[in-house]
Amino acid sequence: MPDDCIFCQIVAGDIPSRTVYEDDTVFAFLDVNPLAPGHTLVIPKDHHETLGDLPDDTAADVFAALHRLAPTVEDAVDADASNVAFNNGEAAGQEVPHVHGHIIPRFEGDGGRPIHAIAGSRPDLSDEELDDIAADIRNAR
Ligand code: 5GP
Ligand code: ZN
């Protein structure tokens with residue numbers, strides 16, 4: 001683990017956190033600067049920077065925890081819904097370079113926006129360009 005990783009230090013107990021879930025591979029705790037009551041971060045215990053760096057089994061464990069916790073968090077704060085999202089890399093807004101999923105409870109009329117609001121200006125892509133992008137992704141797997 002990198003000595004300067006805040007989230008590794010939280011997993012190790014060197015920095016306190018309001019832990020809400022822990023198992024062998026996953027740790028979840030309240031965000032210190034919440035966007036909504038119940039804003040929760042779900043992280044692998046091992047240090048990996050982005051989703052693409054996660055081993056398959058760890059990625060599955062993180063998703064399983066998100067899947068279980070999203071409704072639990074919503075219920076705990078009486079939310080109407082939640083956004084579940086990763087800032088995956090610095091250019092996408094990731095500030096802590098230890099992969100983490102956000103569970104952000106949402107409330108009717110809270111003034112927030114859907115996840116579509118996070119991207120920059122929308123590209124104007126032709127059918128051919130869309131076909132090429134889909135093929136590139138399909139063929140790279
Ligand atoms: P990012 O922008 O990297 O996706 O989000 C990082 C999140 O980690 C932010 O929402 C921030 O409030 C939270 N955070 C940063 N440092 C700490 C900390 O020491 N403790 C907790 N609980 N959350 C933190
Ligand atoms: Zn770390």
* **Qualifying positions in the stretch 1-18 - at pLDDT 95 or above and either surrounded by 11 or more Cβ atoms within 10 Å (Cβ to Cβ) or basic (Lys, Arg) (or both)** => Cys5, Ile6, Phe7, Cys8, Gln9, Ile10, Val11, Ala12, Ile15, Ser17, Arg18
* Which condition does Asn83 not pass, out of (1) within 20 Å of Ala119 (Cβ to Cβ); (2) in contact with an Asp or Glu (Cβ under 6 Å, 6 or more places away or on another chain), if it passes all the others? -> (2)
* To do: Starting from the stretch 88-110, take each residue that is over 23 Å from Glu22 (Cα atoms) and list its partners that are at pLDDT 95 or above and near ligand 1 (Cβ under 10 Å from one of its atoms), counting only C-beta distances under 7 angstrom and pairs at least six apart or across chains.
  => Gly93/Asn87
* Asked: Going through the stretch 3-17 one residue at a time, which ones are closer than 15 Å to His100 by Cβ and either assigned to a loop (DSSP other than H, G, I, E, B) or in contact with a strand residue (DSSP E or B) (Cβ under 8 Å, 6 or more places away or on another chain) (or both)?
  -> Cys5, Phe7, Ile10, Val11, Ile15, Ser17
* Could you check Gly112 against (1) over 28 Å from Lys45 (Cβ atoms); (2) buried (at least 17 other Cβ atoms within 10 Å of the Cβ) and say which number it fails? => (2)
* Residue check: is Leu41 crowded, with 17+ Cβ neighbours inside 10 Å, under 30 Å from Arg141 (Cα atoms), within 10 Å of ligand 1 (Cβ to nearest atom) and at pLDDT 95 or above? -> yes
* Pick out, from the stretch 28-141, the strands (runs of 3 or more DSSP E) lying fully within it that include 1 or more residues that are over 19 Å from Val11 (Cβ atoms) and either touching a strand residue (DSSP E or B) at 6+ places or on another chain (Cβ under 6 Å) or of a type outside the set (A, V, I, L, M) (or both). => 81-85, 101-106
* To do: Taking the residues in the stretch 44-65 that are aliphatic (A, V, I, L, M) and buried (at least 20 other Cβ atoms within 10 Å of the Cβ) as candidates, determine which candidate is nearest to Pro97 (Cα to Cα).
  => Val62
* Residues located in the stretch 5-23, provided they are within 12 Å of ligand 2 (Cβ to nearest atom) and not acidic (Asp, Glu) -> Cys5, Ile6, Phe7, Cys8, Gln9, Ile10, Val11, Ala12, Ile15
* Do we have any residue at all in the stretch 64-85 that's over 30 Å from Phe107 (Cβ atoms) and either within 10 Å of ligand 1 (Cβ to nearest atom) or modelled with pLDDT of 95 or more (or both)? -> no
* Asked: Within the stretch 26-38, how many residues are touching a Pro at 6+ places or on another chain (Cβ under 8 Å) and surrounded by fewer than 17 Cβ atoms within 10 Å (Cβ to Cβ)?
  -> 1
* To do: Could you please tell me which pairs satisfy a Cβ distance under 6 Å, a separation of 6+ or placement on different chains, a first residue in the stretch 70-82 that is in contact (Cβ under 8 Å) with a residue 12 or more places away in the chain, and a second residue that is part of a loop (DSSP other than H, G, I, E, B)?
  => Val73/Gly38; Ala76/Gly38; Val77/Pro37; Val77/Gly38; Ala79/Phe107; Asp80/Phe107; Asp80/Glu108
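The values are calculated or read from the model by the stated rules, or taken from the named source; none is laboratory data. Fair warning: this is a prediction, and the values are worked out from it, not measured in the lab. Cβ sites come from the backbone with ideal geometry, for glycine too, and all protein chains shown count toward neighbours.
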